[in-house]
1. Taking a threshold of 25 Å on the Cα-Cα distance, which of the pairs Lys151/Lys225; Lys151/Lys177; Lys33/Lys278 fall above it?
2. Starting from the Cα of Lys207, draw a straight line to each of the aspartates and glutamates and keep only those under 19 Å, dropping any in the same chain fewer than 8 residues away.
3. In bins 20 Å wide, starting from 0, what share of all Cα pairs of the chain does each bin hold, as a percent?
4. For segment 54-145, compute the orientation-averaged projected area of the C-alpha convex hull (one quarter of its surface), in nm².
5. Dimensions of segment 94-163 along principal axes (Cα, Å, largest first)?
6. Round to a whole angstrom and tell me the spacing of the C-alpha centers of segment 114-134 and segment 144-165.
7. If you look at just the Cα atoms of segment 168-297, how large are its Rg and its Dmax in Å?
8. Please work out the average accessible area per residue across the chain, using the 1.4 Å probe convention, and give it in Å².
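The values are calculated or read from the model by the stated rules, or taken from the named source; none is laboratory data. For clarity, every value in this text was computed on a predicted model and none was experimentally measured. For accessibility, only protein heavy atoms count, side chains too; no ligands or nucleic acids. Shrake-Rupley method; radii C 1.70, N 1.55, O 1.52, S 1.80 Å.
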Amino acid sequence: MTAVESRPAGVLGTAPGHRPFGARVMAFVALTKPRIIELLLITTVPVMFLAQQGVPSMWLVLATCTGGYLSAGGANALNMYIDRDIDALMDRTSQRPLVTGMVSPRECLAFGITLGVVSTVWFGLLVNWLSAALALGALLFYVVVYTMLLKRRTTQNIVWGGIAGCMPVLIGWSSVKNEISWAAVILFLVIFFWTPPHYWPLSMKVKDDYARVGVPMLPVVAGNKAVARQIVLYSWVMVGVSLLLQPLGYTGWFYTAVALASGGWWLWEAHALQARAKAGVTGAKLKEMRLFHWSITYVSLLFVAVAVDPFLR
């Protein structure tokens, strides 16, 4: 792991005796990165509808979402514990709880481990042990493989590290079926190929932050043209994979129509970004965040279609 020189975590915060209870509670919630988990749940619940070919047990949905939140929250807290040195130097992470001192590193570590243990037991007892194993595997992959091994060493960090973010698809399917099918694998691959072109535009926007702390995100070590070319490549593969569900008999016309329309718009935005990069456009006129914001809309639309499709076949 690359060492960086930074102020100690907590230097921006106040003494322990001056940390209000309410603010402390919100700080522990912030450790779980709720906005990211919302996106993970968007890919979990619709897959349960597809696996059930209808409405799954609402108790099972609640149990799976709760376990998923606890597991992902634990992974995110441990990520913040490991990255607290670089978080103190990056503008977009400078208000995280460990940096401000609202939560101590020891508290964060204990909190993350506790959530990981509780989530695994929760899944095993209330859902099934296959889902428990998948959730634990996702947590360990994100913390150990991505955060500790890949993030500070390779430009491929977000490509392979993104596997952890694909796991909710498998967890959603396994929670209903207690097995994995090709439908779940295809949707897993959609998220796998979605993750780099989703995250690289954001990395282009904040590449100075990453450069400052020595994290080799692709936009830090490659020019905008090279990054945009990779975004277009991954985007085409992603859209192509998303269209495999229909010919294999897992979805019908509705999902296919949404996948074609939303995927077509994604490709338009990706190629537009590439055209601006090729023209040498920089700064605000590059509009890289257009694709980032659309990527969230895209995955939401696609997985809503996954959930709705069984009712229209």
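1. Violating the 25 Å Cα-Cα cut-off are Lys151/Lys177; Lys33/Lys278.
2. Answer for Lys207, where 19 Å is the Cα cut-off: Glu5, Asp83, Asp85, Asp87, Asp91, Glu288, listed by chain and number.
3. Spelled out per bin, shortest first, that is 32, 57, 12, 0.
4. With every direction weighted equally, the projected area is 7.0 nm².
5. 38, 33, 15
6. 24 Å
7. When restricted to Cα atoms, segment 168-297 yields Rg and Dmax of 16.6, 51 Å.
8. Normalised by residue count, the accessible surface of the chain is 44 Å².
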